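What follows is a set of notes on a single structure, which appears directly below.
The values are calculated or read from the model by the stated rules, or taken from the named source; none is laboratory data. As the structure is a prediction and not an experimental result, all values here were calculated from the model. Here the Cβ positions follow ideal geometry from the backbone for every residue, glycine too, while neighbour counts run over all protein chains shown.
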Amino acid sequence: MDKLRQLGPVREFANSALFYKTFDEAMALVQETAAYLDGEGRLDSKVLERDPALAYAAESMRLTTRLMQLSSWLLAQRALYKNQLSADEASGAKYRLTDEQNAQVFSDGRQVDLPDNLKDLIARSQALFVRVRRLDNQLYPGLLPGGENPLTPIEKQLNRIEEVFGAAVARQPRKTSG
C-alpha cells in the first residue's frame, strides 16, 4: 500500500516492548473495568440520585466503548504482525480510533459527581487512549480513520454500526416536503 511508506516498522511494532506494555495495560484495564462495573459499580450506581445515575450510565458506556476501541486496535496490530491481517485491513476504518472527546459529565450546567472508582477508570482509559492515538498517528501518518475524506460524526457512527453488526444500514436520502 502506497500510504504505508514503511510497512516493516508498522508490522514490527507489535513485537516491541512498547506494544507489549501497552497491550498488557489495556487488557488489565478492560478486566478491572469489567469487574468494577459488574460488582462494586452496580452497588455504587444504585445509591446515586437521578442525574448522577444517568451520568453514571452514560460514562460507563463511553468507558466501555473506549476500551473496546483500544482493544480492537491493539489486536489488529498483533494480527498484522502475525500476518493474519493485511496492512490495508489494519489501517482501515474498522480498526482506527475515532475522535475522542474530553467529555466531562454535566447536568443542567452543574458537574455531576460520579463514584471515585469510575472517575479513576475513566481518567486512566482516556490517558491510554491518548497514548494509543499518538501511536496510531505515528504508525499510519496521513491516514484519516475511515478513508481519504473526513466523515461527519454521524457518518462515522453509521459506519461503526455497520461494522459491528455486519449488516448494511440503509442510507436513503430524506424526503423533503415541498
### Message
Going through Ala53, Ala79 one at a time, which residue ends up being in contact with a helix residue (DSSP H, G or I) (Cβ under 8 Å, 6 or more places away or on another chain), part of a helix (DSSP H, G or I) and closer than 16 Å to Glu163 by Cβ?
### Response
Ala79
### Message
Going by what's in this entry, would Ala170 be described as aliphatic (A, V, I, L, M) and at pLDDT 70 or above?
### Response
no
### Query
From the residues in the range 64-82 that are more than 20 Å from Asn159 (Cα to Cα) and of a type outside the set (A, V, I, L, M, F, W, C), which one is nearest to the chain's Cα centre (by Cα)?
Gln77
### Message
If Met61 meets every condition in (1) modelled with pLDDT of 90 or more; (2) over 21 Å from Leu158 (Cα atoms) apart from one, which number is that one?
### Response
(2)
### Summary
Taking the range 119-141 and keeping only residues that are within 17 Å of Leu80 (Cβ to Cβ) and in a helix (DSSP H, G or I), one is left with Val132, Leu135, Asp136, Asn137, Gln138, Leu139
#### Entry: Residue in the range 39-57 that is under 15 Å from Ile122 (Cα atoms), surrounded by fewer than 17 Cβ atoms within 10 Å (Cβ to Cβ) and modelled with pLDDT of 95 or more present
no
### Query
Could you say whether any residue in the range 59-70 is surrounded by fewer than 18 Cβ atoms within 10 Å (Cβ to Cβ), without any contact (Cβ under 8 Å) to a residue 40 or more places away in the chain and not in a helix (DSSP H, G or I)?
no
### Query
What number of residues within the range 1-27 are at pLDDT below 85 and among the charged types (D, E, K, R)?
5
### Message
Checking Arg110 against (1) at pLDDT below 90; (2) within 30 Å of Arg11 (Cα to Cα); (3) charged (D, E, K, R), only one condition comes out false. Which one?
### Response
(2)
